[in-house]
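Here the structure is laid out as structure tokens; the discussion comes afterwards.
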Amino acid sequence: MRCQFWGERLNAQDKNVTVTSTIETFDKGLFAHGSDSAYPPDRSQAVFTSNLAVLWSNSSLDDTMAFALRKFAGAIRDVALEDGQNVSHAAKYVNYALFGTALEDMYGGNVERLHKIRSAIDPEDVMGLTGGWKF
């Protein structure tokens with residue numbers, strides 16, 4: 001199993017590594033209510049969010065752990081696609097996306113519209129002084 005292999009490798013580098021995965025189930029009609037919004041960019045099919053978390057104590061492994069999370073997520077997506085699950089359109093859930101995730105991976109074709117909204121609402125880019133995703 002691909003993910004188990006990564007978990008074993010990470011645990012060999014830091015004995016305090018913990019890897020968890022959570023799948024959140026929502027009603028299938030979740031996106032049938034309300035008008036179009038920035039997220040998800042495709043409302044044609046509900047996709048249930050999943051959260052991968054890796055906890056570690058050795059700060060020298062920060063980049064390694066981010067790499068491992070991306071590999072875990074890729075492996076899970078690959079298995080889902082191989083299993084015939086239609087997740088190729090699935091946007092990354094904004095609250096769980098790892099730093100460095102492209103805005104297009106979360107908001108799809110809505111990014112240009114969000115840039116325009118941000119420019120109109122915040123022309124001085126005050127919100128750009130904070131953390132988080134930058135439009």
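The values are calculated or read from the model by the stated rules, or taken from the named source; none is laboratory data. What you see is a predicted model; the values in this text were computed from it and never measured. Glycine gets a Cβ as well: all are built from the backbone with ideal geometry, and neighbour counts include every protein chain shown. Note: accessible area is taken over every heavy atom of the protein model, side chains too, but ligands, DNA and RNA are not part of it. Shrake-Rupley method; radii C 1.70, N 1.55, O 1.52, S 1.80 Å.
At-a-glance table
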quantity	calculated
Longest site-free stretch - the chain; sites: trypsin sites (Lys or Arg not before Pro), DSSP loop, at most 12 other Cβ within 10 Å	29-133
Exposed GluC sites (Glu not before Pro) absent - longest run of the chain, DSSP non-H/G/I/E/B, at most 13 other C-beta within 10 Å	25-123
Relative contact order computed over the chain (Cα-Cα under 8 Å; 6+ residues apart), in percent	25
Heavy-atom surface of the range 16-135, accessible at 1.4 Å and reported per residue (Å²)	67
Net charge of Cβ neighbours under 14 Å - reference Leu98; Lys, Arg +1; Asp, Glu -1	+1
Environment charge at Thr130 (Cβ cut-off 15 Å; Lys +1, Arg +1, Asp -1, Glu -1)	-1
Extension gain, Ser21 back to Ile76 (0.36 nm per residue minus Cα-Cα distance, nm)	18.7 nm
Residue-wise HN-Hα coupling along the range 118-134, computed from phi with Karplus coefficients 6.51, -1.76, 1.60 (Hz; x: Gly, Pro)	4, 5, 6, 7, 10, x, 8, 6, 4, 5, x, 7, 8, x, x, 7, 9
Of Pro41, Ala120, Trp56, farthest towards positive along the dipole that unit charges on Lys, Arg, Asp, Glu beta carbons give the range 9-135	Trp56
The range 64-135 - percent of accessible surface contributed by carbon and sulfur, probe 1.4 Å	57
